[in-house]
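Worksheet: the structure to be examined is printed underneath.
The values are calculated or read from the model by the stated rules, or taken from the named source; none is laboratory data. Keep in mind that this is a model prediction, so the values were computed, not measured. Counting neighbours? That spans all protein chains shown, and the Cβs are built from the backbone with ideal geometry, glycine included. Surface accessibility is based on the protein's heavy atoms, side chains included, excluding ligands, DNA and RNA. Shrake-Rupley method; radii C 1.70, N 1.55, O 1.52, S 1.80 Å.
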Amino acid sequence: MANTLLKIAASYIGTNTGISVPLPTNSTLSSGICTDRSGNVYIADANKHVIYKVDLAGIKSVLAGSEGNSGSVNGASQTARFNSPRGLACDASGSLYVADTGNGKIRVIGIGADVATLAGGFSNVTDISVAPNGDVIAVDTDENAVYRIEPGGRKFLVAGGTSGDVYGTVAGVKIKGSAAKFNAPEGVVVAADGRIYVADSGNHKIKTIGTDGYVTLVSGSISGDVDGLVSVAKFRWPSDIAITPKGNRLFVLDKVSGHNKVKIVTMNGTVEEVIELTTADVLAIALDVNETLYCVTSDEAGIVDGEESSESSMTPSSFSHSNSSVSATSASSESSSNGSSGSSESSESTPSESSDNSASSSSESSESSSESSVSSASSESSKTESSASSNP
């Protein structure tokens with residue numbers, strides 16, 4: 001089956017058709033996707049070691065790297081080399097950040113498509129997001145950790161570092177920094193207010209790290225596939241996460257047996273709507289500024305109970321950001337449920353929201369990104385090393 005890029009209207013469920021364009025064959029389950037403010041879509045192909053760009057006209061091209069050739073080379077787009085790139089993120093200026101997983105690095109592709117290294121020393125960096133202040137937030141699945149990387153390349157631990165499931169409040173102590181524990185987290189996204197949301201895949205939960213550094217639960221408990229209020233909502237394996245431009249909903253890719261689902265989660269943890277896809281091989285998701293949802297799949301895909309998109313009936317030119325058939329209405333009205341935000345209790349901790357602003361120092365990684373060749377002239381502010389006072 002051909003690999004496809006599926007575009008789902010902002011009204012999501014019902015009669016809307018996913019519009020797709022073929023992608024190169026042999027994509028793997030470790031790919032990433034993001035969009036920029038102009039509506040271009042970028043795809044990381046871990047198997048072919050390249051970054052693709054799909055423009056507003058649906059034209060697909062290699063942005064950086066060489067198909068089928070891995071390596072770790074900076075420089076001009078066609079001479080640069082990646083090794084199994086996964087997560088992608090765009091910043092406000094149009095620079096593209098790449099989780100170069102096989103090389104254990106975060107790379108940056110500048111406006112002119114030149115590639116540089118921002119930071120290194122990761123074990124298995126799988127997803128990244130750009131914070132409002134320009135820092136890059138990264139999850140390392142093998143290290144069970146969330147890191148913050150400054151524009152100059154310095155890397156700090158935000159939370160985690162040990163496998164487990166610790167968050168909220170334990171024995172009267174609010175959890176932050178290395179006291180927090182994750183289990184194979186795969187997805188991360190940063191909201192406009194600086195809050196970090198983590199798809200804690202192995203714990204079947206969505207967690208958040210506040211600007212004060214405290215780690216709390218958003219939704220989820222034990223493994224399952226249950227929609228509804230935070231008190232009952234369950235995820236099987238949340239592997240990717242995106243946030244709406246308004247910051248009022250999270251979109252979570254849940255690896256459910258048979259076919260994957262994209263679950264729409266309110267900020268109080270309620271799973272209010274589900275998009276069921278006709279494939280079990282959704283690789284990654286992203287939202288654009290109009291809340292259009294994009295999915296990278298490893299086969300032809302469509303929407304359950306909607307019209308399935310057929311590759312044979314589609315051409316790249318039909319993949320248009322301005323498709324007139326795409327509704328711009330929101331997914332659904334905000335749930336008025338007053339379900340408790342304190343969902344099922346972790347066996348190791350009790351989740352609770354914190355308003356405590358006391359400072360706690362982030363641990364600076366021993367990896368100093370000596371390989372960094374980023375040419376951007378970021379101003380070195382006098383940020384404190386504290387995760388409480390810094391905006392991750």
Original post:
Using a 1.4 angstrom probe and counting only protein chains, how large is the accessible area of C90 in Å², to 10?
Top reply: 30
**OP:** Take the alpha carbon gyration tensor of the range 116-164, find the square roots of its eigenvalues, order them as a ≥ b ≥ c, and report rounded if a/c is under 1.5; if not, report prolate when a/b exceeds b/c, else oblate.
**Re:** prolate
Subject >> Solvent accessible area, Å² - R154, 1.4 Å probe, full protein context >> reply: 90
Subject >> Projected label distance in nm at T162 and R37, using a 7 Å step from Cα toward the beta-carbon >> reply: 4.2
Original post:
Say the cut-off is 27 Å between C-alpha atoms; which of K60/K246; K48/K255; K7/K181; K60/K105 go over it?
Top reply: K60/K246; K7/K181
